[in-house]
Every structure is written in structure tokens, then in C-alpha cells.
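Below is one structure, written out as C-alpha cells; comments come after it.
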Amino acid sequence: MCGIVGYWGSKDPKQVIVDGLKRLEYRGYDSAGIAVLDQVQGQPKFRVVRAQGKLMELSRKLEQEKFSGQIGIGHTRWATHGVPSERNAHPHSIGGVTLVHNGIIENYQEIRQELAAQGSQFLSDTDSELVAHLLSHEVKQTGDLHAAVLKVWPRLIGAYAIVAVWEQQPDVMVAFKNGPPLVLGVGDGEIVVASDVQAIISTTKRVVYLNDNEVVKVKGANYEITDHQGRKLKKDIVTIDWSADLVEKAGFNHFMLKEIHEQPRAVANAMAPHVDLENQSVRLTGLGFSAQSFDEISKLDSKVDQALSFEKLKNIDRIFIIACGTSHYAGLAGKYLIEQIARIPVEVDIASEFRYREPFIPPRSLVLVISQSGETADTLAALRLAKQAGALTLSICNVRASSIDREAHGHLYMNSGPEIGVASTKAFVSTLAVLNLFALQLGKLRSQLDRDRERRFLDALLGTPAQMEAVLAYDSFFAEAAATLKAYRGILFMGRGINYPIALEGALKLKELAYMHAEGYAAGEMKHGPLALIDERMLIVMVCPSDKNYEKTLSNLEEAKARGGKIISIGTGDNSQLKNVSDHYLSLPKAEWTVNPILEAIPVQLLAYHVANALGHDVDQPRNLAKSVTVE
Ligand code: AGP
């Protein structure tokens, strides 16, 4: 998930672009680059400067650089295809066409093979460079960059936001999107295009939000917006009126909505320390089992080996996952991941039950505790009980040096940044990402995971930030639907397999935010009672991706429909079966079963947020609740 900036105007493009990238650095920071128009041997050229590492590396390189032109593009990267390096950094320049790209071209292998067969030479390992090849071929036929974009567009499958320039039209910039965000800033005699408003607001507060399948052609200080077939569109200019409070919330009305939209970055940050992109493999780092300083280790219980390492992880033969609330539901999804990938028994328990039920914790057990705050009293008590029983303990927290983080033997982190909204969102999806990586690592240690499956699951995980950005587009759907949805007597969330915890999480979100009655159920349980609940006043939310449980979940949905239930279904791709049986169908990008919950979390969060908003509730601080339950 990367950051993009394009500029045309009378200011120094280098400065405007770098300042804009600084505002977007949270979107990715493993490499960065810019391309600005210059005269090279009397010819207009977009000169490219790139650097690996954080944006300051690029700034250092640019200190002595001067450019004569008024137009340029820039990019800050979070790698999905191709390791973080200068070679793979954007912009990519082929045949006079230069571009920056945020997202993922899913059919990149097919395009790469086709281009290779035509004799194309590749300068990087990225999917983005392939778009520059396609555009440089087309623009030779059309003689116009915008026309070339319209010709290339149908070839691209995936989620992408792209800004391109061409040295034969040195005052033109073309930006187009399908999924990740792009915003146009219409200044006084200057134009900015960027991934979000934060990179634009210092130039102008007048913005146009681009929708999917829209393209903007900037020519000097003028612009024209068309659809993907070239038909002109009239779009309103919105004036951003951000108060200081809104700046803190990055323009969102609530921290919770800001944090829902930060989730692609949160998942990227959760994964970053544990992925070896060079070798396309998982390498869980910083567990801390063996890196603790000697005096810290000396405080560990004598029953637990001090030199804890992967070796120890390899020798465990049972896992307990203990947490509360949303963290508990993430742990439940972890059960499906770890049991199916690492083939080891996993028991998931609510901390307040675990700590009092005198649990039997056999030798060679790992107790994994999950806590965003790291201070939840029941979870901390469960951790202490596990340590007294001699178990190896591991925490997944968002707050470093919190009590649970400090007291566990091993440590993993959600890395999602401060979560202000009481209702947990980005910490939840970050935990799902960490649990994916933990399951893969354990699967490798226990020789249960071959390289192909590891690559397949890791590729799916690396693709989620871009896919999540596409799913966030449902924000507007729920904003409009909330007035209707809030009128239901209750909402029944259902799902099967690893999607069942999302049903539980969706119900919890609705309870804690809208104060509405909601249930989360395993869809297979419908006939054992919940079916009696269903009538036209009950809304059903069925989480029904195209995984191995799809057919059975679809038949559950048809049973609910037959009893008059109103249906929102969440499925994969353009699914006519689900559309036919649903009042509203929400389509998710195609993904592995292991990462579907990360995508599914977004619609259920948005549903609860917008219904609570429509009811006039304090979304960031719901009644009776606290961000961290530090007492029993
Ligand atoms: C989730 O939206 C709630 N805020 C609550 O269920 C929370 O997940 C639970 O209290 C656990 O908190 P923790 O992750 O900080 O331990």
C-alpha cells in the first residue's frame, strides 16, 4: 500500500512532491522516488531519482538536484512484488512513459509473459513496470497518453491507482484508479493528484474525489475527467473545511472511522518485520524468547527453559489462545489458521473463564495471549496463571512495554499505531495478519508447510493492503444504508469456518456501538435454534466467501431467505448466486481462505460504525465501555 503524488504548477515540483510524500509516508516507506520534467540535451525528459529506505534517503539525494520543468510525480513504497530496492522503487520509466502505482496488478504474470514474448526487457521485478511497458506501446499508436490509458485499462486486473506522464506531452499528467484512493486538488493555477487529502491540503482545499473507473487528464492548470470509455464526467469540487480536531482525525469525523481507513497500513506494518521478500518466505522475528537480556531471563519462572527459541516452539504440542472481546475473536480465527496450517491442537478461551476454571495445562504447552492494550485484567491474570503452570507464554500486543507485553516470555506486536476508538478495528486486522504469519512459521518449524503453500499464503497476505483499500469503498454504501439498517429488531451475523469469528466480531461491534441486539452464530447452527429468530424484521449478515464452506453457507442463506429474513451477504467476486438470494450483496476481492477474515472485517466494522452514527451515538466512546478493562 503506497503513497502517490503528482503536481503541475508554478512552485518547485520537487519540493511540493517531497512534502506531499512526507504526509503519505505512513502508507509505505521501504523506498521512494520522483520524476520531474527537465531538459536533457535540449529534449524534454522526466528525470527519475529514487532511493531505497525511508523518504529522508530520497531527500538527501535530491538536495543538489535542480529541474527546469513545472510537472512531476512521486511515490513512497510498501513492497508487494519485488524486494525493497532502488531498482524496484517507483517511478518506473519505459519508452518515455513514466508512472507511479499504488496497488496490485493481479494478472501481472500473464502480462509479463506476453511482454517477454514480444522481446520486452524488464528493469525491475515489479508489476507496476509492466503498465509502463503497455502504455509505451500504446502511446506510439495513439499519440496521446490519455487515449493510451483508455486502451491499456481493460488489460489490468486488480486494485490500482496510477499516475502517468509522457515526455512527448510534457504538460500532461493522466491519473486513473480502480480500488485504492486518488484525489485531485484544484489549486489556483496549479494541480495536485495524490493518494489522500493530507498530501494536497497544503496546496489547496478544493478537491475532487475520483471514483473507480474514472480517469483525470491534467493539462497544465486545466483538467478533464472521463470514465474508462472516454465519456466526459462532471464532478463537484469539494472544499475541505478541516478544523484542528479534524486534522487530528485526518479529516474523518471519528477516530474509529480514521482507524478503519488506516487498516491497510496497519496490516502492512504488522507484516513488515516478519517477511523475507527476497526469498518470499516468513521469518518471524523479535519473538524475544532467546534475545531477552540475562537479568530479564533470570526473572523467568524456573519451570520454563530460559533459552527459548524456535527449537522450543517446534517442540510444543498444544496451544492455548486466551483473550477478551475482539481480541478473543481474532484468537478464534487463529485456531483455524494454526490447526489447519501447523497441524497442532489449539484451544481458545475467554480469559475470564480460563483464569477461574482451573485449566489443565499439560507440559510443552504454549499459551498465546492477545491484547491490544496489554493491560486487560483478565488476560493478564490468565497469563500469570499459565506461567505458574510452567507453560511457554507468548503475547501479541499493540502497546509495547504494557504489562502483558512485559510479563510474557515471548513477544509479537500488532504494530498498528495508537488505537483511540474504544471499538477495536485496526488492531484486530493486524492481529489476524500476525496470526497468519505465526501459523506459517510454526507450520514450517513442524514440517507441515511446503514452500509452494508458504509462498501461496504469503502472497495472499502481502496482497491484502491493496485489496483492503478496495473494500473500504463500501464506506459510502453503509453511510447510505444505515438509516434503514438501524430500524431492524436485531441483526444475526453468521459464517462458517474461519469466517465464523467475523460473525462474532460483527455482532460485538453492533452491540458496543449501536447498542442494538445482535448475535454472531456459526451458520451450521441455524437449525439448532436461531432459525426461529428469523422473520422480515431480522436482518441477516452472512459471511460467505468462495472457500470450502461456500456451498453449505449458501444453503443456510437460502433457508434464512425462505423465512423472510432480510439479507446482506458478503462474498467473493461477482457472485450471481449470492446476489439472487440477498437484498444487498457485498463483493470482496478473490483471496485465500486464510486472509478472507481480514477483508471481511471491514464491512462489518463499517456497518456498525454507520448505524451507530445514524443513531447519534458517541462512536469513539460508547456508553458504559472503556478502551482498556483493567479491572475484573
Ligand atoms: C472491542 O471493540 C472492545 N473494545 C473490547 O471487546 C476489547 O477487544 C476487549 O476489551 C479486549 O481488549 P484488549 O485487546 O486491549 O485486551
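The values are calculated or read from the model by the stated rules, or taken from the named source; none is laboratory data. All of these numbers come straight from a predicted model, not from anything done at the bench. Cβ coordinates were reconstructed from backbone atoms using ideal geometry, including for glycine residues, and neighbour counts include every protein chain displayed. Protein only, heavy atoms only, side chains kept; ligands, DNA and RNA dropped before computing areas. Shrake-Rupley method; radii C 1.70, N 1.55, O 1.52, S 1.80 Å.
Observations
- Take every pair of alpha-carbon atoms less than 8 Å apart whose residues are at least six positions apart; their mean separation over the length of the chain yields a relative contact order of 11 percent.
- Within the accessible area of segment 474-627 (1.4 Å probe), percent carbon and sulfur: 48 percent
- Protection proxy ranking, peptides 155-163, 44-52, average beta carbon neighbours within 10 Å, highest first: 155-163, 44-52
- Among the trypsin sites (Lys or Arg not before Pro) within segment 175-283, those in coil by DSSP and having at most 10 neighbouring Cβ atoms inside 10 Å are ARG231, LYS234.
- The mean sequence separation of alpha-carbon pairs under 8 Å and at least six residues apart, normalised by the residue count of segment 141-191, gives a relative contact order of 30 percent.
- The residues of segment 41-82 have, on average, 50 Å² of accessible surface per residue, using a 1.4 Å probe with all protein chains present.
- Cα-Cα over 28 Å, subset of LYS217/LYS590; LYS314/LYS335; LYS22/LYS444; LYS54/LYS590: LYS217/LYS590; LYS22/LYS444; LYS54/LYS590
- Looking at segment 369-413, the trypsin sites (Lys or Arg not before Pro) that sit in a DSSP loop and have at most 12 other Cβ atoms within 10 Å of their own Cβ are ARG400.
- To put it simply, the accessible area of segment 403-465 at a 1.4 Å probe is 46 percent carbon and sulfur.
- Debye intensity ratio I(q)/I(0), log10, the chain, q values 0.09, 0.10 Å⁻¹ (C-alpha model): -0.76, -0.92
- 19 Å reach of a label modelled at LYS548, 7 Å along Cα-to-Cβ, counting backbone N of segment 323-346: 332-346
- Rolling a 1.4 angstrom probe over the protein heavy atoms with all chains in place gives segment 125-179 an accessible area of 28 Å² per residue.
- When Rg and the Kirkwood Rh are both derived from Cα coordinates, the Rg/Rh ratio for segment 56-162 amounts to 0.97.
- Within straight-line cross-link reach of LYS66, lysines at Cα separation under 17 Å, skipping those fewer than 8 residues along the same chain: LYS11, LYS14, LYS45
- Cleavage-rule hits (chymotrypsin sites (Phe, Trp or Tyr not before Pro)) in segment 320-396: DSSP loop, at most 14 neighbouring Cβ within 10 angstrom: TYR356, PHE360
- Rounded to the nearest Hz, the phi-derived 3J(HN,Hα) couplings of segment 518-531 under the Karplus curve 6.51 cos²θ - 1.76 cosθ + 1.60 (θ = phi - 60°) are 8, 10, x, 9, 5, 4, x, 8, 3, 5, 8, x, x, 4, where x marks glycine and proline.
- Excluding same-chain neighbours fewer than eight residues apart, the lysines reachable from LYS627 by a Cα-Cα span under 19 Å are LYS249, LYS258, LYS426, LYS509, LYS511.
- Heavy-atom accessible area per residue - segment 458-536, 1.4 Å, Å²: 33 Å²
- In degrees, nearest ten, helix 451-462 long axis to first principal axis of the chain (Cα): 70 degrees
- Whether segment 425-471 is rounded, prolate or oblate, judged on the alpha carbon gyration tensor where a/c under 1.5 counts as rounded: oblate
- Folded to 0 to 90 degrees: helix 426-445 orientation relative to the chain principal axis, Cα: 80 degrees
- Principal-axis tilt of helix 377-388 within the chain, Cα atoms, nearest 10 degrees: 70 degrees
- Solvent-accessible area, 1.4 Å probe, carbon plus sulfur percent, for segment 75-120: 47 percent
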